[in-house]
1. For Lys384, go through the lysines and keep the ones whose alpha-carbon is under 17 Å away, minus same-chain ones fewer than eight residues off.
2. Which value, in nm² and rounded to one decimal, describes the direction-averaged projected area of the C-alpha convex hull of the chain?
3. Out of the DSSP beta bridges found with both residues in the range 193-400, what percent are antiparallel (nearest 5)?
4. I'd like the GluC sites (Glu not before Pro) in the range 151-229 restricted to DSSP loop residues with at most 15 other Cβ atoms within 10 Å, sorted by number.
5. Would you grab the residues whose amide H sits under 5 Å from the one on Ala119? Only those 5+ places off in sequence or on another chain, please, with H modelled 1.01 Å from N.
6. What dipole magnitude, in Debye to the nearest 20, does the range 266-357 give about its Cα centre under +1 on Lys/Arg Cβ and -1 on Asp/Glu Cβ?
7. Give the cross-link partners of Lys176 among the lysines, using a straight C-alpha distance below 17 Å as the criterion and excluding same-chain residues fewer than 8 apart.
8. For Lys293 and Asn4, compute 0.36 nm times the residue count separating them, minus their Cα-Cα distance, and round to one decimal in nm.
Amino acid sequence: MKANPRILLIIGGGIAAYKSCELVRLIRKNGGHVTCVLTEGGSHFVTAMTLAALSENPVHTTLWDLKNEVEMGHIQLSRQADLVVVCPATADLMAKMAAGIADSLATTLLLATDKPVLAAPAMNVRMWQHAATQRNVATLRASGVTVLDPDEGAMACGEFGPGRLPEPEAIWSAIKAALGDARPAPGPLTGRHALVTAGPTHEPIDPVRYIANRSSGKQGFAIAGALAALGARVTLVAGPVNLPTPAAVTRIDVETAREMAAAVEAALPADVAVMVAAVADWRVADAAGQKLKKDGSGQVPPLLLTENPDILATLCRVANRPPLVVGFAAETEKVIEHAQAKLARKGADWIVANDVSGDVMGGALNAVHIVTAAGVDSLPEMPKDAVATALAQRIADALAR
Ligand code: C5P
């Protein structure tokens with residue numbers, strides 16, 4: 001992370017706004033600069049005076065400030081930060097961000113910025129769980145905004161559940177991670193953009209049940225980290241996994257295959273795409289809006305499945321197809337034969353085939369065969385990190401040609 005990052009902090013209107021004061025203090029204490037934008041709602045919870053004193057900077061509150069507009073336009077305000085942080089991100093602010101509404105200084109800055117955006121949500125548990133909010137969060141994540149998960153616990157409104165603002169220390173850690181993202185160390189892949197998918201997808205049956213698979217995401221995360229270590233700017237589109245983001249990698253969290261497909265499309269153009277995710281082939285055609293209930297009759301609900309988009313095959317056909325597209329093939333038999341067939345069927349340049357008949361899924365070791373039109377390059381069994389390093393090096397060599 002850069003020594004003195006500049007943070008544009010947008011404070012939404014919720015009781016958690018008081019914690020943004022603590023966040024300003026933490027950023028300052030760690031050498032960062034903070035410029036605060038206080039929304040009208042936020043101003044009912046904290047004052048511009050408090051934020052100005054803590055940030056040691058003027059606080060911006062309105063689009064219609066002629067003096068400020070002449071001295072520094074709002075577009076400029078949105079661009080001179082290293083990172084835009086929305087804290088607390090209310091349901092209303094996130095809805096406006098997802099929809100692209102610009103009806104205040106805060107929302108205008110969020111639409112005008114070309115910098116990474118991190119949102120720390122805080123709201124009533126029902127508001128957080130509402131389908132509209134969840135849709136908005138998914139949209140924001142798919143378009144590259146880092147939306148933190150709220151904490152769970154007792155809330156100011158007396159209810160209990162997810163919706164509490166993460167603690168300021170946790171938000172500061174996320175800020176550091178987000179700032180680290182943009183700056184991979186120089187290497188043979190410097191100036192290249194690598195797109196990686198990893199993990200499983202979850203396909204909802206109803207609001208509490210889903211179809212999933214045993215992918216841990218370890219191999220894909222290791223590849224994202226190895227590409228970043230060679231200097232690439234890496235976008236990692238991750239299904240639901242329990243893994244830390246590798247250093248200097250920009251992570252976009254998604255749940256379903258369709259969200260993953262949208263995030264991949266939004267991340268283009270890329271110089272190389274490595275599709276490691278174990279995308280669910282099928283989803284439930286008509287996921288229920290409410291939890292399916294046993295009614296005691298012994299009848300089971302019929303689950304009609306429909307096919308998910310094939311992200312890899314689609315990527316190989318789009319107009320801005322990455323020059324190098326690498327797919328994975330998890331096979332339990334005839335590993336190389338199936339990989340060769342997949343290479344042709346999907347239109348990928350390389351297929352990395354692995355035998356998952358043992359305990360590869362979730363395990364630490366992997367033995368892969370890199371299948372290309374030119375032949376098969378079989379690597380011995382080794383830790384997933386070593387597989388990742390070997391593959392990243394081959395990618396760097398291929399792009400250098
Ligand atoms: O067809 P199969 O699932 O075996 O192909 C595996 C490869 O295709 C992997 O690279 C995986 O990430 C990708 N894939 C995809 N979208 C799907 C299914 C698989 O991108 N819907």
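The values are calculated or read from the model by the stated rules, or taken from the named source; none is laboratory data. All values derive from a computational prediction rather than experimental measurement. Cβ coordinates were reconstructed from backbone atoms using ideal geometry, including for glycine residues, and neighbour counts include every protein chain displayed. When the accessible area is computed, the model is the full protein with side chains, heavy atoms only, and any ligands, DNA or RNA have been set aside. Shrake-Rupley method; radii C 1.70, N 1.55, O 1.52, S 1.80 Å.
1. Straight-distance partners of Lys384: Lys218.
2. Working: hull surface 89.8 nm².
For the Cα atoms of the chain, the hull's average projected area reads 22.5 nm².
3. Values: 16 of 42 bridges.
About 40 percent, rounded to the nearest 5.
4. On the way: sites: Glu152, Glu159, Glu169; in loops: Glu159.
Sites meeting the loop and neighbour criteria: Glu159.
5. The answer is Val86, Thr146, Val147, Leu148.
6. Values: 10 positive and 11 negative charges, 60 e Å.
Result for the range 266-357 is approximately 280 debye, rounded to the nearest 20.
7. Here the lysines satisfying the reach criterion relative to Lys176 are Lys2, Lys29, Lys115.
8. Difference between extended and current length: 98.6 nm.
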